[in-house]
Amino acid sequence: MEKNIQCETRPTIQDWGKEKAIVPLNVKEVPGWDAEGNEVTKYQADFLGKVKKPVTADSIVEAAVAEKYTEADRLRIMSNFTKENDAEVEAFKAFTAEIRAAANAEGYE
């Protein structure tokens with residue numbers, strides 16, 4: 001995921017081929033200035049690529065997990081998922097909750 005990218009206009013979903021998309025998350029307005037020194041509204045966002053279409057909160061979480069964790073990591077985490085107080089499982093749950101919250105905040109269901 002590319003983080004804190006500045007945009008002139010509010011970012012929207014961009015195609016990544018026919019079956020995937022680049023999705024903006026955590027979009028917020030930030031102050032900026034034009035070439036003449038006038039204050040203008042700009043945007044800052046995180047961009048997640050390779051999100052399967054149709055874009056949903058689930059497909060966003062799936063793409064974020066695939067980007068951050070290797071298949072071996074995911075298998076290890078899933079095999080320990082029912083263990084209590086496993087730090088790696090807790091970090092995985094926190095990460096997926098954060099991504100899902102960002103997706104929901106942008107209106108994805």
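Under the condition of being part of a loop (DSSP other than H, G, I, E, B) and aliphatic (A, V, I, L, M), which residue from the range 11-55 is surrounded by the most Cβ atoms within 10 Å (Cβ to Cβ)? First the steps, then the outcome.
Applying the first criterion (part of a loop (DSSP other than H, G, I, E, B)) to the range 11-55 yields 11-13, 17-19, 34-38, 53-55.
From the residues that got through so far, the ones that are aliphatic (A, V, I, L, M) too are 13, 35, 55.
Numbers: I13: 14, A35: 5, V55: 19.
Only one residue tops the list, namely V55.
Scanning the range 87-109 for residues that are farther than 9 Å from A57 by Cα and either open to solvent by 40 Å² or more (accessible area, probe 1.4 Å) or modelled with pLDDT under 95 (or both) yields A87, E88, E90, A91, K93, A94, A97, E98, A105, E106.
The values are calculated or read from the model by the stated rules, or taken from the named source; none is laboratory data. Values in this document were obtained by computation on a predicted structure and should not be read as measured data. Backbone-built Cβ (ideal geometry, glycine too); neighbour counts: all protein chains shown. The accessibility values were calculated without ligands, DNA or RNA, using every heavy atom of the protein model including side chains. Shrake-Rupley method; radii C 1.70, N 1.55, O 1.52, S 1.80 Å.
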